[in-house]
Amino acid sequence: MSSQDPSSHPGMRKLKTYKEARLQNTENLRKLVVDAAATLLQKEGPEAVTLRKVAQKMDCSTKIIYSLFVNKEGLAQQLYLDGCKLLAGELERTPRADNPKQQLLNLGEAFWQFGQRYSSYYKLMFGGAFTEFKPDEESLQGTATAMRQLFDVIQDAQDQGQIHGGYDTQSVIRIFWASLHGVIHLYIGGHLGDEQSAYAIYKQTLSLLVSSLIPDARS
């Protein structure tokens with residue numbers, strides 16, 4: 001008896017309607033445009049991502065880009081969501097620790113590395129590089145999903161009674177995140193010297209934050 005999948009037989013293949021085929025082609029084209037914009041973003045920075053330059057890279061008219069994304073903000077949103085996936089990947093690859101304190105230090109380190117490795121994405125997502133783009137609900141949800149590990153670690157530490165102060169989990173996350181953002185933004189703005197000096201300040205800030213959130217147990 002043949003074990004061949006019946007759907008592989010020419011007469012048994014599922015046929016797509018014209019509408020389905022057109023939709024698939026549109027989605028494939030959107031992905032190619034986003035890939036082209038992402039290449040410009042990483043190689044030349046946010047200021048290089050214009051619909052005209054993306055169209056040139058794709059060897060097509062700007063009219064096609066407009067038809068796919070309506071405007072630059074639509075394209076920026078897709079890049080933002082791609083950045084969320086990159087951030088999630090960085091945090092997911094973070095070494096696991098046996099205690100919340102070390103895990104927060106590890107996640108903080110991963111966040112710095114994301115800002116350095118994907119600096120253009122960082123500027124787009126958190127630095128207002130596209131002044132006309134404001135994250136919508138979908139974009140903010142993408143950020144929340146990417147930061148899920150941070151939420152889980154802080155929630156676990158609170159459940160174990162390691163974090164005091166009466167703050168809710170969301171407030172603790174915002175305090176933690178905003179403090180680290182502040183150092184990175186000052187570095188990007190040229191206020192903290194070279195990368196080595198900025199990184200040293202970042203590490204000190206991270207250590208103080210974690211120690212204040214989860215103090216060492218006193219004997």
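The values are calculated or read from the model by the stated rules, or taken from the named source; none is laboratory data. Here the structure is a predicted model, which means the values were calculated and not measured. Here Cβ is always computed from backbone atoms with ideal geometry, including for glycine, and neighbour counts include all displayed protein chains.
Points to keep in mind about this one:
- Out of SER197, SER212, SER171, one residue alone is over 30 Å from LEU75 (Cα atoms), at pLDDT 95 or above and assigned to a helix (DSSP H, G or I). It is SER197.
- Residue ID - nearest to GLU92 (Cα to Cα), chosen from residues in segment 123-157 that are in contact (Cβ under 8 Å) with a residue 40 or more places away in the chain and among the aromatic types (Phe, Trp, Tyr): PHE126
- Index of the failed condition, GLN102 passing every other in (1) outside any loop (DSSP other than H, G, I, E, B); (2) within 17 Å of the chain's Cα centre (by Cα); (3) at pLDDT 90 or above: (2)
- Filtering ALA88, ALA76, ALA38 for residues that are in the same structural domain as TYR118 (by TED's automatic domain parsing), assigned to a helix (DSSP H, G or I) and either at pLDDT 90 or above or not aliphatic (A, V, I, L, M) (or both) leaves a single hit, ALA88.
- For TYR122, the requirement of being buried (at least 18 other Cβ atoms within 10 Å of the Cβ) and outside the structural domain of LEU41 (by TED's automatic domain parsing) is met.
- Count - residues of segment 183-210 that are under 18 Å from VAL172 (Cα atoms) and either surrounded by fewer than 12 Cβ atoms within 10 Å (Cβ to Cβ) or out of contact with any helix residue (DSSP H, G or I) (no Cβ under 8 Å at 6 or more places or on another chain) (or both): 1
Yes/no matrix, rows are residues, columns are (1) touching a Cys at 6+ places or on another chain (Cβ under 8 Å); (2) of a type in the set (Asp, Glu):
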| residue | (1), (2) |
| --- | --- |
| LEU124 | no, no |
| SER139 | yes, no |
| GLN170 | no, no |
| GLY182 | no, no |
| GLU195 | no, yes |
| ALA198 | no, no |
| SER211 | no, no |
